[in-house]
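Report on the following structure.
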Amino acid sequence: MASLSLSKVRKSFGETHIIHGVDLEIGNGEFVVFVGPSGCGKSTLLRMIAGLESVSDGTITIGGRDVTKLDPSERGVAMVFQSYALYPHMSVRDNIGFGLRMNGMPRAEVERKVAEAASALHLTELLDRKPKQLSGGQRQRVAIGRAIVRQPDVFLFDEPLSNLDAELRVQMRLEIARLHTELAATMIYVTHDQVEAMTLADKIVVLRAGRVEQAGTPLALYDDPANLFVAGFIGSPRMNFMRARQDENGVIRLTDHGNAEVSLSLGSGPQPGRDLLLGIRPEHFGPNLPVRLSVMVDLVEHLGGASYAYVGSGSSHPLTLEMREGRNVVRGTALETGFDPARAFLFDATSGERIR
Amino acid sequence: MTARSDRPGKALSLGLKHLAYLIIAFIFVLPLWWAIVSSLRPNSAIFADIFPFTPKALLPAPFTLEAYGGIFERGFGLIIANTMLVALVTMAAGLIVNGAAGFAFAMFDFKGKKFILSAIIISFMLPFEAIALPLYTVTQQLGWLDNIAALIVPSVANGLAVFLFYQFFSQVPKDYAEAARLDGVSWIDILLRIYVPLSLPTCISAALLLFIFQWEAFLWPLLAMPSQQFKVIQVGMAAFQQQYQTIWNQLFAVSVITALIPIALLLPLQRYYVQGLAGAGIKG
Ligand SMILES: Nc1ncnc2c1ncn2[C@@H]1O[C@H](COP(=O)(O)OP(=O)(O)O)[C@@H](O)[C@H]1O
Ligand SMILES: [Mg+2]
């Protein structure tokens, strides 16, 4: 267990700058999820923390100790790889105990630790198998077991569930959450799946193109996104964005929806003449709300508890409406709906910044 | 039902096919077979059934092992032992040196890596004759002429073997090495306990390569051992042919032993050997 901090961390591969100055504080025992689209530098950042990639600039400290230049083995971190990286020629037992044995731990003690980890992960029956005789979920657990036995200060996970099928993914997600509570260890978890991020994290760090877009609790990111990217990335189905402009009287109007007026309580408000986007989540549409919209439904999906009506599919600013009542809607229905401006977020369409 | 009526026809064509294979195989092994047969006949009967030819020429009759007894009396056993010594030491040292070099090229990035790799690749494309003279000069200056080190040391580092190892090790997912590094496993243990067990076919290929290279060496041992006190098998065979021009059955026995020892090594391992060489080209 340890806290971890990144300060002005940068990474370049030759002339290509991948991580552009990341500052981050991670508390002792926190479960932090790095989330972002593919290629944004999540793995690179995680590997820099692990010591598998050198740090071009900035410092990394773990438990108050500057580890920026330390060898991976001296940082007190353990990592679960996306590929699991189980040694194919070793049994499960040897895979889990390999690191301990190589560091000179007596055989009996290694045996004991392996047995302990195996029973915690329901692997006891499988100790003599080779990795290729295991299912995906079992391999995943062996990889986790290999991390646990080392009793690291920080656990690092790089997309550990992405090779599993949907059902197993949910199950392993719960298992990892359970592990986090039991071990009370600091964990950093990388994923491109915002649902995994929302469900697991104490703190989510949204990355884009090597920069931290926003860091905070799942609900803070959901309820108060700092910019267009975070607003669109967190939440499923994603937030709707409608084009808006400010008229000469300072009133925000929805240009694609009959110039409907949206009265927002803004601080300084937008600069005049900017293109704006108004964000509203699917579940915040409903009848009899202050801002009225008339829309034509393209498609309806019934998911049981909720139904989603899709509007303007194929246009540049489609809408998704969540409906829990009055669901007798079909393709072609003209729907009267609306939203509460207090639920809406205003963004500068060009810079993506939130306008408050 | 239809299957049954087909069967005789199919069996016949299958039989013909196998007969054809058998004939082709026979043509290929014929020279070797004839050498074996001749080495098992008394010298006086070598050409007995050939002019005129009778099928008996292909059978070792009359049968005798005197040729083999004869060549060992003339010291051929020592020559085999010499060659084995040179080839096995080269093989063992070569596995270590070339394996470690291949591992370094696959694992680490360093200045001039591409250049050195290209030089290594070129080195195994150069014919030996091109470097024989410079190598001779160096060996002479080291004072290694007529020393067994002159046979072993220059052959330990082998460009093709380095390349084989490099090629294989770069295909092993880097995650294994990284997982082990996080666990504090030393590079040498990563090589010996993870990469080597995963690369057994490559190790066997490289070992055979090194062994056969030494087994076939002729020009270099001839140059490097001018006094001919220490003879290896190709040189020994050539000398034997010059010396005992008419003892045909013994000449054949020498050839048979020279050819069969590497074959005896290759056959049980050829599965790995072919795998290793093929993998070097295809998997990218
Ligand atoms: N060793 C490397 N050399 C050059 N570029 C790299 C290297 N590793 C990663 N990159 C680049 O860095 C970017 C971020 O990669 P990565 O951290 O793997 O993204 P993510 O894990 O978020 O999908 C990608 O554009 C990738 O091409
Ligand atoms: Mg990644």
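The values are calculated or read from the model by the stated rules, or taken from the named source; none is laboratory data. Note that the structure is a prediction, hence the values are computed from the model and not measured. So basically every Cβ, Gly included, is an ideal-geometry build from the backbone, and we count neighbours across all protein chains shown. Quick note on the areas: whole protein, heavy atoms, side chains included, nothing else; ligands and nucleic acids left out. Shrake-Rupley method; radii C 1.70, N 1.55, O 1.52, S 1.80 Å.
Here's the list of aspartates and glutamates a cross-link from A:Lys203 could span, going by alpha-carbon distance under 15 Å and ignoring same-chain residues fewer than 8 apart: A:Asp23, A:Glu25, A:Glu30, A:Asp193, A:Glu213, A:Asp223, A:Asp224. Using the rule -39500 (n - 2.57) for each DSSP H run of four or more residues, divided by the residues of chain B, the 222 nm mean residue ellipticity is -24500 deg cm²/dmol. Rounded to the nearest 10 degrees, the inclination of helix B:233-243 to the longest alpha-carbon principal axis of chain B is 30 degrees.
Report, to one decimal in Å, the Kirkwood hydrodynamic radius for region B:2-64 based on all distinct Cα pairs. Working shown, then result.
Values: mean 1/r = 0.0710 Å⁻¹.
Radius from the Kirkwood sum: 14.1 Å.
Relative to the longest principal axis of the Cα atoms of chain B, helix B:200-216 runs at roughly 60 degrees. The accessible-area loss of region A:96-113 on complex formation, taken against its chain alone with a 1.4 Å probe, reaches 30 Å² or more at A:Phe98, A:Met102, A:Asn103.
Mind checking the mean number of beta-carbon atoms from other chains within 10 Å of the Cβ atoms in A:76-89?
Values: counts 0, 1, 3, 6, 1, 7, 1, 5, 2, 9, 3, 7, 6, 6.
Mean shielding by partner chains, rounded to a whole number: 4.
What angle do you read, to the nearest 10 degrees and between 0 and 90, between the alpha-carbon axis of helix B:159-171 and the longest principal axis of chain B? Helix B:159-171 sits roughly 60 degrees off the main axis of chain B. The H on the amide N of A:Leu335, modeled in the peptide plane, is under 5 Å from the matching H of A:Val295, A:Met296, A:Val297, each at least 5 residues off or on a different chain.
For A:Ile204, the amide hydrogen comes within under 5 Å of the amide hydrogens of A:Val33, A:Gly216, A:Thr217, counting only partners 5 or more places away or on other chains and with H modelled in the peptide plane.
Computed from the C-beta positions of A:Ala209 and A:Thr333, the FRET efficiency with R₀ = 51 Å rounds to 0.80.
From most to least packed by mean Cβ count within 10 Å, the peptides B:54-60, B:121-127, A:306-312 give A:306-312, B:54-60, B:121-127. Could you give the dipole magnitude of chain B about its Cα centre, charging the beta-carbon of Lys and Arg +1 and that of Asp and Glu -1, in debye to the nearest 20? About 760 debye. Exceedance of the 24 Å cut-off in Cα-Cα distance is limited, within the set A:Lys11/A:Lys132; A:Lys42/A:Lys69; A:Lys8/A:Lys42; A:Lys8/A:Lys69, to A:Lys11/A:Lys132. Taking Cα centroids, how far is region A:294-356 from region A:236-287 in Å? Rounded to whole Å, the Cα centres lie 14 Å apart.
What the phi angles of region A:285-296 give under the Karplus curve with 6.51, -1.76 and 1.60, with θ = phi - 60°, is a coupling list of 8, x, x, 6, 10, x, 8, 9, 10, 10, 10, 10 Hz, glycine and proline written as x. I need the shape label for chain A. Rule: rounded when a/c is under 1.5, else prolate if a/b > b/c, else oblate, with a, b, c from the alpha carbon gyration tensor. Cα axes put chain A in the prolate bin. Name the shape class, rounded, prolate or oblate, that the alpha-carbon gyration tensor gives for chain B, where a ≥ b ≥ c are the square roots of its eigenvalues, rounded holds for a/c under 1.5, and otherwise prolate holds if a/b is larger than b/c and oblate otherwise. Here chain B falls in the oblate category.
Projecting the Cα atoms of B:Ala20, B:Leu32, B:Ala45 onto the charge dipole of region B:2-64, computed from C-beta unit charges around the Cα centre, puts B:Ala20 farthest toward the positive end.
Pop out the carbon and sulfur fraction of the accessible area of region B:2-64 as a percent, whole number, probe 1.4 Å. Of the solvent-accessible surface of region B:2-64, carbon and sulfur hold 78 percent. B:Lys114: which lysines have alpha carbons under 18 Å from its alpha carbon, excluding same-chain residues fewer than 8 sequence positions away? List returned: none.
Between chain A and chain B, roughly 1700 Å² of accessible surface gets buried, counting both sides and using a 1.4 Å probe.
Order the peptides B:40-49, A:266-275, B:190-199 from the highest to the lowest mean number of other Cβ atoms within 10 Å of their residues. The partial results should precede the final answer.
Working: B:40-49: 16.6, A:266-275: 11.6, B:190-199: 19.3.
Top of the packing list down: B:190-199, B:40-49, A:266-275.
Just checking the listed ones, B:Ala253, B:Ala264, B:Ala87: in the Gaussian network model of chain B with Cα springs under 10 Å, the one fluctuating most is B:Ala264.
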